[in-house]
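The values are calculated or read from the model by the stated rules, or taken from the named source; none is laboratory data. As the structure is a computational prediction, the values presented were derived from the model and not from experiment. Please note: Cβ atoms are built from the backbone with ideal geometry, for glycine as well, and neighbour counts cover all protein chains shown. Heavy atoms of the whole protein, side chains included, go into the accessibility calculation; ligands, DNA and RNA do not. Shrake-Rupley method; radii C 1.70, N 1.55, O 1.52, S 1.80 Å.
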Amino acid sequence: MAMDWAAADLAERDLYKLLVNTVLPRPIALVTTVNAEGRANAAPFSFFNVFSHAPPLVVLGIEGRVGGAPLKDTMRNIRATGCFVVNLVDRALVEAMQVCTIDFPDDVDEIAAAGLATAPGVSIAAPRLAASPVQLECRETVSLSLGTRNRNLVVGEIVHIHIRDGIVDERLHVDIDKLDLVGRLHGADWYVTLRDRFHAPRLTFDGWRRQAQPDSEGEVS
Ligand SMILES: Cc1cc2nc3c(=O)[nH]c(=O)nc-3n(C[C@H](O)[C@H](O)[C@H](O)COP(=O)(O)O)c2cc1C
């Protein structure tokens, strides 16, 4: 037995509950942007992923605001400047990320409140977070306004990649233990590290045939 629903029959809140508690874990982008006056902003997004490597694209799902300004500062800044930085979040960055989630009054610098230092973008105007192990400088390719509540799907092209020293070697092998990234889990406040994992080698057709028919020298009847 399975429970099933037509998506159109579910209230928005229930769709949210079912989707964010089943599509797990989700990577987290702590996105830094800058407004037209040069003021920096940081906010986490877990409706986020890398979409392709050629071209190197990321996607962000940014909700509209309920009441007040229709767009979150991140989206407003991307509209104004056409760029953003995806700062990946390691275990050590979680507490600062949570400060960045607070809806501060306009006159509070949330990056400073979170105790985070920035570094200038090499190719874009948005700053990076120095403490993040991986910083992806992105230029907005296209943003699609979807739905009725100012939701935006932002597609960005990665134009510059920064990885902290000691994580990647000269052959570009990445040490994922040193990365120590976290992902978003269920509910409002659960997260996961990368410490529980298993290896599942990819099968070739011949390998699969041998596994399925171990005594028949690879011939499947
Ligand atoms: C781990 C985490 C993931 C989040 N993911 C999203 C997301 O994918 N989309 C979104 O609109 N808001 C998301 N939020 C909420 C935003 O970070 C929050 O609304 C933030 O205050 C927006 O800031 P801004 O106005 O400076 O852009 C997330 C919050 C947390 C803690």
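For the reader, a short list of remarks on this structure follows.
- Where strands (runs of 3 or more DSSP E) fall entirely within the range 118-221, those with at least 2 residues that are among the β-branched types (Val, Ile, Thr) are at 134-146, 151-163, 191-193.
Residue by residue, here is whether (1) within 26 Å of the chain's Cα centre (by Cα); (2) farther than 24 Å from Val134 by Cβ; (3) aliphatic (A, V, I, L, M) holds:
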position	(1), (2), (3)
Asp175	yes, no, no
Val182	yes, no, yes
Gly187	yes, yes, no
Arg195	yes, no, no
Phe198	yes, no, no
Phe205	no, yes, no
Trp208	no, yes, no
Pro214	no, yes, no
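- Within the set Ile124, Ile161, Ile176, the sole residue that is away from the ligand (no atom under 16 Å from the Cβ), within 22 Å of Phe45 (Cα to Cα) and open to solvent by 100 Å² or more (accessible area, probe 1.4 Å) turns out to be Ile161.
- Of all residues in the range 78-93 being within 13 Å of the ligand (Cβ to nearest atom) and open to solvent by 10 Å² or more (accessible area, probe 1.4 Å), the one that is nearest to Val58 (Cα to Cα): Leu88
- Applying the condition of being under 16 Å from Gln135 (Cα atoms) and free of Cβ contacts under 8 Å to residues at least 40 places away in the same chain to the range 38-49 and asking which residue is nearest to the ligand (Cβ to nearest atom) yields Phe45.
- Candidate set: the range 202-219, residues that are open to solvent by less than 90 Å² (accessible area, probe 1.4 Å) and in contact with a helix residue (DSSP H, G or I) (Cβ under 9 Å, 6 or more places away or on another chain); chosen: the one modelled with the highest pLDDT: Ser216
- Number of the exception - Thr22 against (1) in contact with a strand residue (DSSP E or B) (Cβ under 6 Å, 6 or more places away or on another chain); (2) farther than 17 Å from Ser143 by Cα; (3) away from the ligand (no atom under 12 Å from the Cβ): (1)
- Selection within the range 128-153 - within 22 Å of Val182 (Cβ to Cβ) and either in contact with a strand residue (DSSP E or B) (Cβ under 6 Å, 6 or more places away or on another chain) or at pLDDT below 95 (or both): Arg128, Leu129, Ala130, Ser132, Pro133, Val134, Gln135, Leu136, Glu137, Cys138
- Across the range 179-197, the qualifying residues are those that are open to solvent by less than 100 Å² (accessible area, probe 1.4 Å) and charged (D, E, K, R), and the one among them that is farthest from the ligand (Cβ to nearest atom) is Asp180.
- Residue in the range 53-64 that is open to solvent by 70 Å² or more (accessible area, probe 1.4 Å) and part of a strand (DSSP E or B) present: yes
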